[in-house]
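Nothing in this text is a laboratory measurement; each read-out follows from the coordinates by a stated rule. Computed from a predicted model, the values in this text were never measured in an experiment.
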Amino acid sequence: MIVAKEIRRLVSRTPVWTLANGLTLVRLLLLPPIFLLLRRGDSTAQYLALLLVATGWLTDGLDGYLARRMGQVSELGRILDPLVDKLFLLFLILFLILLRDFPPWVLAIILPRDLLILGGGLYLAHKRRTVEESHLWGKIATNALTITAIAYLLSWRSIAPILLVFALGMVGISSWRYGWLFFRKLQRAP
């Protein structure tokens, strides 16, 4: 209840319906067709799923760029974008676990990490009255995981495990960085 109230307070300060926020929501809307296409399993469906995943990946970079370029940076966007990034990637990984040979233990690493990052971000938003931005290592980890997911989607068995090791290394570095920043900002919080 306190979290919802705090989000409403933060969001009310800036525009809600912007092109960038719309692109962020498009990413969520891509998830059901991606699942259905992966479930179909034929090569045409696989490539259409790849096209939708690539579209989701591109909108991840494009929404932030457009928000800055068009002067539409909003508190909602600063909350919604990383949340949708995490949901998109988590559901994509879940789909690949269910329908491809993606290792299920990866979800057991990423899900708690993402919940901690989201919880820490909401706590800092409440304490500091501002929404923290994503950092470079988090974006690198997200991109590495997305590329890895694409490799599993395309059944690139020779390179997918190598990409997974790299992606998990980036997840580890970004987790350490988020934790370090959280405790540093917590010490400075009023």
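In percent, rounded to a whole number, the relative contact order of the chain is 23, using alpha-carbon pairs under 8 Å and six or more apart.
Computed on the Cα atoms alone, the convex hull of region 19-100 gives a volume of 68 cubic angstrom per residue. For the chain, hydrophobic long helices are taken as DSSP H runs at least 18 Å long by C-alpha position along their axis with mean Kyte-Doolittle hydropathy of -1.0 or more; these are 43-69, 75-99, 105-128, 136-153, 160-188. Computed over every Cα-Cα pair of the chain and binned at 10 Å starting from 0, the pair-distance distribution P(r) comes out as 9, 34, 35, 18, 4, 0 percent.
With Cα atoms defining each centre, region 73-117 and region 145-165 are spaced 16 Å apart in the structure.
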